[in-house]
Amino acid sequence: MVQTWHIGVDDTDSQNGMCTTYLATLIVDFLLKFPVKFLDFPKLIRLNPNIPYKTRGNGAVAITFSTTEEIDEKIWKGIVEIVEKNAEIKDPKTDPGLVFLQGEVPSGFHKLYHQALYRVVSLETVKQLLKKQPTEKHFYLKKGRGLIGAAAAVGATLVNDYTYEFIAYRDPNQKKSERLIDPTSVINADKNVPLTFNNYDYENKQIMITPHGPDPVFCGIRGESCNAVIRMWELIKIFEPIISTMIFRTNQHTQVHFPKIFLGHEISPYLSVTVKGIVEKKPRDHPGGHVIFTIRSENSLIDCAAYEPTKQFRKIIRELIEEDEVLVFGGVRPASEKNPITINLEEIQITKLTPIKQRITPKCPICRASLTSSGRNQGLKCKKCSYISTKKEFSYKQISRKIRTGVRYVIPVCAQRHLTKPVSRIVPLQFHLSPEIDIQQAFYAFLERRILFTTNTKNKK
Ligand code: ATP
């Protein structure tokens, strides 16, 4: 009988190495030794980016396959071994979790995924959910906090919008922060493959596909289709060995972490929120380059911050004035000794601009020079020709604002979270391969060509 299995894995990496996607790649390679059929690309699922115990981008991975064989025990043991051997368990903050679920994914897992995208979920809630599943096995090391991300990744649905990421891996023992890559080739490839995005930050002149940590990821290329991310990889020039590659289907850059509008009083630390409000106190520049303004939402006053790393975005923020109506998107930072609870901005939309009126000084009807006031409760006079008017009537003109309604103002690429939807991502979704079978075929087509993507073969071109 054909059985479907779902694997979720999370929290295996640390600041000093490893990456949960690399561990997932090892699991895929392990599964390829068995008579299994992958039903999808492995899924790289980003969860609430404001979780305090994340290592980098709060990513978890899910893998789905089917098999007719009674081999699940062997597979389960092998995968547990991979996690035990490769997880960075010496790091006090690494708490690996592995979930193995048979059959259709129960609705509780989908619900968990949607919650984990924007709020803090307790480990206890997840353990209760797992307990209810008769076909479930799970494994964890230490506190096992990774079970939260692992179970949420199993529940992830990538139906309406999704993207792909091609990840190339270097030797995991290679701990240097530098990646040897030709920047010009990245820019050229970016221009040639429009269905990829966030390859290069043109405003801040930064390559965005290479991370800077001591992890095995050499680079990650993001795009709308698997062919686009492969094409981009083929076009870039790199100067170090690549030991493996994988393509993930992901929820990255789909903005799913902002599912609803919050009212001021509903805001609490670590949530990802969208809040509708009115600018109560105009933007102030703070030491360190941060720009902060205050909104009123219902009866709550909330600080909103465009921190220094958001670069040019701060120019937009500085244009806000009192009474502008806005929709702010961001992560909630808890209050500190010095600062109140604050929304760390990822995006702002202006829903209503307050008009700014400027007084126009009348002209002298005789010599056209500008009239000036004759004094309090008096009229106007012309200093040039001594004309005097007893009336003090000014007209006003409306000053055009530099910011507009109906525009998504998003932080620059170099400051974006993995879930932030870049402004460039306006590609309609028909580019995606919709029927399930095509996704499956696309993954197998990738696996067939995969050997060509390691460096030795790539450099021979
Ligand atoms: P990556 O480096 O792979 O991008 P990450 O390493 O930054 O991701 P982890 O090390 O996996 O993140 O740490 C995140 C931890 O937070 C995991 O233990 C995960 O289970 C947990 N977690 C994820 N989302 C939530 C949530 N919404 N509520 C509570 N815990 C969460």
Considering only segment 263-276, state which residues are part of a strand (DSSP E or B) and open to solvent by 10 Å² or more (accessible area, probe 1.4 Å). Lys276
Given (1) in a strand (DSSP E or B); (2) surrounded by 20 or more Cβ atoms within 10 Å (Cβ to Cβ), index of the condition Arg314 fails: (1)
Please state which one of Ile356, Ile360, Ile341, Ile366 is open to solvent by 70 Å² or more (accessible area, probe 1.4 Å) and of a type in the set (A, V, I, L, M). Ile366
Any residue in segment 17-42 that is farther than 19 Å from Lys175 by Cα and in a loop (DSSP other than H, G, I, E, B) sitting within a Cβ distance under 9 Å of a residue that is acidic (Asp, Glu) and more than 16 Å from the ligand (Cβ to nearest atom)? List the pairs, counting only those 6 or more apart or interchain. Phe34/Glu69; Pro35/Glu69; Leu39/Glu436; Asp40/Glu436
Quick one: how many residues across segment 138-194 are of a type in the set (Ser, Thr, Tyr) and part of a loop (DSSP other than H, G, I, E, B)? 3
List the residue pairs whose Cβ atoms are under 6 Å apart, where the first residue sits in segment 86-97 and is part of a loop (DSSP other than H, G, I, E, B) and open to solvent by less than 40 Å² (accessible area, probe 1.4 Å), the second is more than 8 Å from the ligand (Cβ to nearest atom) and of a type in the set (A, V, I, L, M, F, W, C), and the two are 6 or more positions apart or on different chains. Pro96/Val83; Pro96/Ala87; Pro96/Leu141
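The values are calculated or read from the model by the stated rules, or taken from the named source; none is laboratory data. Here the structure is a predicted model, which is why all the values come from computation and not from measurement. Here the Cβ is made from the backbone with ideal geometry for all residues, glycine too, and neighbour counts use every protein chain on show. In case anyone asks, the SASA skips ligands and DNA or RNA and just uses the protein heavy atoms, side chains included. Shrake-Rupley method; radii C 1.70, N 1.55, O 1.52, S 1.80 Å.
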